[in-house]
């Protein structure tokens, strides 16, 4: 067999973890706190059914949906991003600053093409989203974890790591972080933007969960503090519309977005036009506000169910994050317990989760006593049953 | 502005050409022989309208279309590739050998991730498809052009270049090549597979046009002569179903496809599920044979119109390729004329084409006297008018 390029063995460890992530999505047999998918009850099936029934036969639209389109994205969808998602949050984006991507992750991949050379350092939160580590490692970057606390990056630690490693990128999920569920405070958002400016390092602000807020007050994005173009804002339609449509977008300075056009045409030509038309129509018809309300009700109810079940069943030694939104809580067992070692027993009893160790990069302690519980896909009553299963196994070890 | 990675300036020249390619797709004002899109009359609008009307509300299907899916692709679509596209052509593929991609180009990009290091040589035909050069250059590969004649790669030249450059990849479009319209002969297909085996170099067989045959006899693919796993077969649904759905596939040895899974999850997670369901249903409902017949009739009629118009209007000094299928003919003016220099005058008169110089890599003469005429998008009567416009400008220079 002809040898693969060096990036392939380099990324293998993270890739193996991501395989587990995807396989846990489709396993129907157990109560899965593993996958980060939204509730199937929260998918806009009825609205899209209606759109798909009539849009396709509208004059010329079916033909447009099936033909080549603009690599920057469908004009109507870029306008939707501007009007419905960025402007309402006070972001001073213009149409020219937006490029549509194949889901949120492709935005991160395009940014990696723009900036990363083999050996470059990317600073990430500790813990952070494992699939993004896989992306950075595909570019043979070295992901260095930076200390975080309940309020996000510890700013002093971030600055120290910037000085020490001269990183190319800082990767942060400031709102309802994956996997921890934590939210970076206002002060720290401002500080991250300021560090990026001062040290001339690019920040990727990955923001797929911020619309899914169930309590607390919305915070301005890191991008809103960016005056020098050092923050690239990447987002996804996966949690607010549909993961299966693979739509996302990047908002950045025009020079950056212009070069993303080149990366886009060189990697997959353009994002599929078909679902861009449907997604744009969903927003244009005004379905989004009501849909978002339903998303928040369903997932917020599940967040509450998880919090109540954890309080009801977990022994006193266990702690967890109360997330104000998103899809995850981070549950920590006593530090002498391994969530990896407990998992087979939990699975045998009919539940599953992602062990904490999978979410750590080099440079910070690997907290294998923690686990990510994703509550999006599980109805409240099943959440309680699943937490009981995990709690019973944990108790048996104490 | 923070500096981009080295791959970005490296690919700039090819990227600028690809921009022209995409902008020519959407320009409605002129008779465009520029873009390689299929006829809009050949898009399966009615069939997809029917499918989209009822599939979405089928039990659970709408939910499946909107939710995450398998990074390898929708099982039903992989089976369609096997049953409808590979097995009928005698290819001994198994289900495990197939991965679905975001259009044909993403297949080539995934292969590049697997094999290319900066500075690696990729041998390409002369001329070859410019967008693929952009892809290889994104990986900082050096594309070296190898001599071709009317029968494809000149095999002696190919072997000589393999010895000289020790290439990582050989890239070939053997059937109705883009941009030349030429088809590699049976003997040469076998010889390419044999050279790949002997010199342990991977071949990418890019095959998006072979189903669009209007005359002559179908030839076995290079992949069908591959006994050692050195040929990776990449194809697209863009020309036989829809470009806007962004669907394609790669057929290769399982070890290769397994690593593509990792590249896929690291670059964009998975191909959009929505259009995979619709495309699979299109084949499962048995619409493809009739649709392919229509594709061949429409495009074959346009091929004939172009051939007749060239014969009727072009001066004797001009030669062109009679393609047995696909979407392109390669028209060569006397070698002292530049198709690049003539283009503004042709555009002012209401037609456009892609100048030949854009399709050449390093190492072979750049034939700027040639041009690519893409006939897919133009009705026959307009083809004649367009050819007249070009012929008048050419004649005025003789």
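Observations on the structure shown:
- Some residue of region B:72-83 being at pLDDT below 95 and either assigned to a loop (DSSP other than H, G, I, E, B) or surrounded by 15 or more Cβ atoms within 10 Å (Cβ to Cβ) (or both): no
- Selected residue [within 30 Å of residue B:242 (Cβ to Cβ) and out of contact with any helix residue (DSSP H, G or I) (no Cβ under 9 Å at 6 or more places or on another chain)] from B:303, B:372: B:303
- Within region B:346-378, the set of residues being closer than 9 Å to residue B:32 by Cα and part of a loop (DSSP other than H, G, I, E, B) comprises B:350, B:353, B:375, B:377, B:378.
- Here residue A:134 fulfils each of the conditions (1) under 26 Å from residue A:11 (Cβ atoms); (2) in a helix (DSSP H, G or I); (3) over 20 Å from the mean Cα position of the chain (by Cα) apart from (3).
- Residue count, region B:160-191 (criterion: outside any loop (DSSP other than H, G, I, E, B), touching a residue at least 40 places away in the same chain (Cβ under 8 Å) and over 26 Å from residue B:354 (Cβ atoms)): 1
- Within region A:281-290, considering residues that are more than 14 Å from chain B (Cβ to nearest Cβ) and part of a helix (DSSP H, G or I), the one surrounded by the most Cβ atoms within 10 Å (Cβ to Cβ): A:283
- Filter pass, residue B:153 being modelled with pLDDT of 95 or more and within 12 Å of chain A (Cβ to nearest Cβ): no
- Options B:312, B:305; residue that is outside the structural domain of residue B:133 (by TED's automatic domain parsing), surrounded by fewer than 19 Cβ atoms within 10 Å (Cβ to Cβ), at negative phi and assigned to a helix (DSSP H, G or I): B:312
- Residue-level check: of (1) surrounded by fewer than 19 Cβ atoms within 10 Å (Cβ to Cβ); (2) under 28 Å from residue A:48 (Cα atoms); (3) at the interface with another protein chain (Cβ under 9 Å from one of its Cβ atoms); (4) modelled with pLDDT of 95 or more, residue B:117 misses just (2).
- Options A:278, A:298; residue that is in a helix (DSSP H, G or I), modelled with pLDDT of 95 or more and at the interface with another protein chain (Cβ under 8 Å from one of its Cβ atoms): A:278
- Flag for residue B:368 being closer than 30 Å to residue B:140 by Cβ and either in the same structural domain as residue B:165 (by TED's automatic domain parsing) or without any contact (Cβ under 8 Å) to a residue 60 or more places away in the chain (or both): yes
- Within region A:221-250, the set of residues being more than 14 Å from chain B (Cβ to nearest Cβ) and over 20 Å from the mean Cα position of the chain (by Cα) comprises just one member, A:225.
- Yes/no for residue A:114 being in contact (Cβ under 8 Å) with a residue 40 or more places away in the chain and closer than 24 Å to residue B:238 by Cα: no
- Of all residue pairs spaced 6 or more apart or on separate chains, those with beta-carbon atoms under 7 Å, a first member in region A:281-298 that is under 20 Å from residue A:328 (Cα atoms) and a second member that is surrounded by 18 or more Cβ atoms within 10 Å (Cβ to Cβ) and at pLDDT below 95 are A:294/A:42; A:295/A:42; A:298/A:39; A:298/A:42.
To keep it simple, each residue is scored yes or no on (1) at the interface with another protein chain (Cβ under 8 Å from one of its Cβ atoms); (2) at pLDDT 90 or above; (3) part of a loop (DSSP other than H, G, I, E, B).
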| position | (1), (2), (3) |
| --- | --- |
| A:11 | yes, yes, no |
| A:24 | no, no, no |
| A:28 | no, no, yes |
| A:36 | no, no, yes |
| A:46 | no, yes, no |
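- Test: residue in region B:210-219 that is within 25 Å of residue A:135 (Cβ to Cβ) and touching a strand residue (DSSP E or B) at 6+ places or on another chain (Cβ under 6 Å): no
- Subset tally (residues that are part of a helix (DSSP H, G or I), surrounded by fewer than 24 Cβ atoms within 10 Å (Cβ to Cβ) and at pLDDT 95 or above) for region B:89-108: 3
- Output for region B:251-275, where each listed residue is more than 8 Å from chain A (Cβ to nearest Cβ) and part of a loop (DSSP other than H, G, I, E, B): B:252
- Subset of region B:201-220 (residues that are more than 17 Å from residue B:292 (Cβ to Cβ), more than 14 Å from every other protein chain (Cβ to nearest Cβ) and in a loop (DSSP other than H, G, I, E, B)): B:219, B:220
- The condition of being out of contact with any strand residue (DSSP E or B) (no Cβ under 9 Å at 6 or more places or on another chain) and assigned by TED's automatic domain parsing to the domain that holds residue B:257 does not hold for residue B:125.
- Condition met for residue A:266 (buried (at least 24 other Cβ atoms within 10 Å of the Cβ) and in contact with a helix residue (DSSP H, G or I) (Cβ under 6 Å, 6 or more places away or on another chain)): yes
The values are calculated or read from the model by the stated rules, or taken from the named source; none is laboratory data. Please read all numbers here as calculations on a predicted model, not as lab measurements. Here Cβ is always computed from backbone atoms with ideal geometry, including for glycine, and neighbour counts include all displayed protein chains.
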